[in-house]
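The structure under discussion appears below in the form of structure tokens.
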Amino acid sequence: MQPDSRNASGERRSRRGSRRRWRLTARYALLTIGAVVVLAPLYLTFVSSLLPPSALAERPPPFFPLDPQWHDYAVAWSQGDLGVYLRNSAIQTGIIVCGQLVTSVLAGYAFAFLRFPLRRALFVVFLATLMIPFEVTLVTNTQTISELGWYNTFAGLTVPFLATGVGTFLLRQAFLQIPRDLREAASLDGYGHLRFLLRIAVPLARPALAALGVFSFLAAWNQYLWPLVVTGSGNGVRTVQIGLKLLQGTEVSRTDVALAGTVIAVLPLLVLLVVCQKQLVRSLTAGAVK
Amino acid sequence: MADVAFRGATKRFEGRPAVDHLDLEVADGELLVLLGPSGCGKTTALRMVAGLEEPDEGEILIGGRVVNDVEPKDRDVAMVFQSYALYPHLNVERNIEFPLRRRGIDAQLRRQTVHEVAASLGLQELLARKPRELSGGQRQRVALARAIVRQPRAFLMDEPLSNLDAALRMQTRADIVALQARLGTTTLYVTHDQVEAMTMGHRIAVMDCGVLQQVGAPHVLYDRPANLFVARFLGNPGMNVLPATLDHPGAHFARVDGGHVPLGDDGAGATGQAASLVVGVRPEHLALSPSGSLEATVLLVELLGADVHVLCQLGGDTKLVVRQDASAPRPAIGDGVRIVAATGSVHVFTGESGARLGGPG
């Protein structure tokens, strides 16, 4: 190779390297901005929960608590009965998540692998339920729950949410990714639908299941309107979101304590997202990258 | 082990027959190859034996028993899929063990059986790996191991070599033949590759458009094809087929584009009063010779190592291939040549249905 062409190729390489560095810098800058936008409210809530009441009114609000008021957490926990509300939310959310996973797996499998009359029409009906806002069914559902005697019970809180069109759709799509040959091989090996579902289909659909689990956990945990409607006074089955609201109406009606309660209430969600983020990302990008 | 039989088995998809009144018997311990082009119904026939497709008409018998209404799991057949159908989340050991888990075999015996089968296929070192960590050939062996481990009454193999490269395919072909001979298990093997069929099958059943065209030993199908489809499908390249006319019934020569070919006694005697004829000659039965009775122009010369294929154009649109030894003098493209057909090598078919009238063999 001639010296000139060596120089030219070296220049090209260095130009390419510098372009790549710029692209990387720009990408990280964008990601950093996105992360700040998402995390800022969480951080501000956390910081505010540690500020003394007098500092809360300061503008701009302090970005770091110099004298953290940890005792606000103790007040929120004990006087706001957050322990009970969190337990109730955990039970309600647990039932809804488990219920949705079970019904979505069964319905998704049926739509993906079974042949039965009106299969397509029924699936369209399932999808159509996605178009109906929850508020539209609120009155009817409330009446039904009352007539069943489920007012102020976990059944009332959870049963209307045990099946979901989104979950069925998500799992059906995941099951459709499983090659038909696997089902046929399993059927020759002596595995019926239920065994195939449990031993092959469910393990292979794990990312979709994790995604559904996280989404339904978020939705159930953050419910406010429905628990408010179907639960009465007292904290027998009331959930943490109502507990937070009530926290502002009691003798501990202080913003800093309410914020401390909010941080406590949001902690399970953060833990869940951190634990499940790998599966969640895999599920959301499934099919996007070959 | 068991024999397998189709009795008038028919399967239609959207009214169109994929398998049309198939009558075929596979003897106990036999390796029968179902051969045909894509869409000819061979896989559908195999799936009917497995119970994955239900025949619309006719019967499927395994071991002399009609199994039309028997669930796939109760037919005691094992299938090797074209895609291998390995369970991606299970390692090789669990994949091979999978069919045994439903049979109430105790864990110790299961493990022992799996290890024996794995050893027989050279898979011991791979038992802990997941399918995605295996090469195509290794996956294929795992699929075979999973079929063997059950000791079924019949193996059903659906183009199991089609995803392998040429060298590996040749090796695996020999492995499957040896394995089948060792186990003596009745095997129904589907392929579109006539080389696989010729080298592996005790017998070959050729199908086209859902209809069984001919069944017999490989050399019988090659030497005495029942019709033009079989004649063209077997052999690489397939038989040369030339429209022909006779000067008079029983003539010993048939006129074709570019000259004439000798029919021999068998061929001449079989022509009868046929209105239109087609003659067929295998490329290896043709030779370039100055005294040849066919006049042609060379279109292409392909060197394949030991052989040379010379594609020639006769008069009109008729083309034929001559196979000659690589050591023979090679013509150049565009050369005018003369071709001779070996005496007694010309097959005669009817022009209408393509059915065989006569010829060598």
## Note on the structure
Expressed in nanometres to one decimal, the distance between label points 7 Å along Cα→Cβ at residue A:116 and residue B:165 is 4.8 nm
### For B:115, B:248, order by how many other beta-carbon atoms lie within 10 Å, fewest first
B:248, B:115
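Percent of Cα-Cα pairs more than 46 Å apart in the protein assembly as shown, please.
Details: 100662 of 211575 pairs.
That fraction is 48 percent.
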### Task
Return the long-range amide H neighbours of residue B:157 (sequence gap of 5 or more, or a different chain), with a cut-off of under 5 Å between placed amide H atoms.
B:80, B:188, B:189, B:190
### Estimated FRET transfer efficiency when R0 is 41 angstrom, pair residue B:219-residue B:119 (beta carbons, to 0.05)
0.70
#### Entry: Distant-in-sequence amide H partners of residue B:299 (H built 1.01 Å from N, under 5 Å)
B:311, B:312, B:313, B:334
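Please report the projected area of region B:4-228's Cα convex hull averaged over all directions, in nm².
12.6 nm²
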### Message
Compute a Gaussian network model of chain A, connecting alpha carbons closer than 10 Å, and tell me which residue from A:25, A:129, A:231 fluctuates the most.
### Response
A:25
### Message
Could you derive backbone 3J(HN,Hα) for region A:138-153 from the dihedral phi with the Karplus parameters 6.51, -1.76 and 1.60 (θ = phi - 60°), listing whole Hz in sequence and x where the residue is Gly or Pro?
### Response
4, 5, 4, 5, 5, 4, 4, 4, 5, 5, 7, x, 9, 5, 6, 10
### Message
Could you give each residue of region A:17-24 its phi-based ³J(HN,Hα) in whole Hz, using Karplus coefficients 6.51, -1.76, 1.60 with θ = phi - 60°, and x for Gly or Pro?
### Response
x, 6, 4, 5, 4, 4, 4, 5
### Query
For the charge dipole of chain B, defined by +1 on Lys and Arg C-beta atoms and -1 on Asp and Glu C-beta atoms about the Cα centroid, which residue among B:180, B:355, B:198 has the Cα displaced farthest towards the positive pole?
B:180
## Note on the structure
Taking r as the C-beta separation of residue A:177 and residue B:352 and R0 as 56 Å, the FRET efficiency to the nearest 0.05 is 0.65
#### Entry: Of all DSSP beta bridges in chain B, antiparallel share, percent nearest 5
75 percent
### In Hz, Karplus ³J(HN,Hα) per residue of region B:189-206 (6.51, -1.76, 1.60; θ = phi - 60°; x = Gly, Pro)
10, 9, 7, 9, 9, 5, 5, 4, 4, 5, 8, 9, x, 5, 9, 10, 10, 8
### Query
In which sequence would B:133, B:93, B:14, A:147 go, from the one with the fewest C-beta neighbours within 10 Å to the one with the most?
B:14, A:147, B:133, B:93
### Query
Can you give the net charge of the other residues whose Cβ lies under 14 Å from the Cβ of residue A:44, counting K and R as +1 and D and E as -1?
-1
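Return A:43, B:84 ranked ascending by Cβ neighbour count within 10 Å, so the fewest neighbours appear first.
Placing the least packed residue first, the sequence is A:43, B:84.
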### Query
Is chain A rounded, prolate or oblate when judged by the Cα gyration tensor, a ≥ b ≥ c being the square roots of its eigenvalues, rounded requiring a/c under 1.5 and prolate requiring a/b larger than b/c?
oblate
### Query
For region A:3-56, with the dipole built from +1 on Lys and Arg beta-carbon atoms and -1 on Asp and Glu ones, taken about the Cα centre, which of A:37, A:22, A:52 lies farthest toward the positive end?
A:22
### Query
Got a sec? Charge dipole of the protein assembly as shown, +1 on Cβ for Lys and Arg, -1 for Asp and Glu; which of A:244, B:276, B:84 is way out at the positive end?
A:244
### Message
Give me, ordered by chain and number, the residues 5 or more places off residue B:244 or on other chains with an amide H under 5 Å from its own placed amide H.
### Response
B:277, B:278, B:279
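Applying 1/(1 + (r/R0)^6) with R0 = 22 Å to the Cβ-Cβ distance of residue A:275 and residue A:38, what FRET efficiency is obtained, to the nearest 0.05?
0.75
Computed from the coordinates by the stated procedures, all read-outs in this text should not be read as laboratory data. Just so you know, these numbers come straight off a predicted model, no measurement behind them. Every residue, glycine as well, gets a Cβ built from its backbone with ideal geometry; the counts of neighbours run over all protein chains shown.
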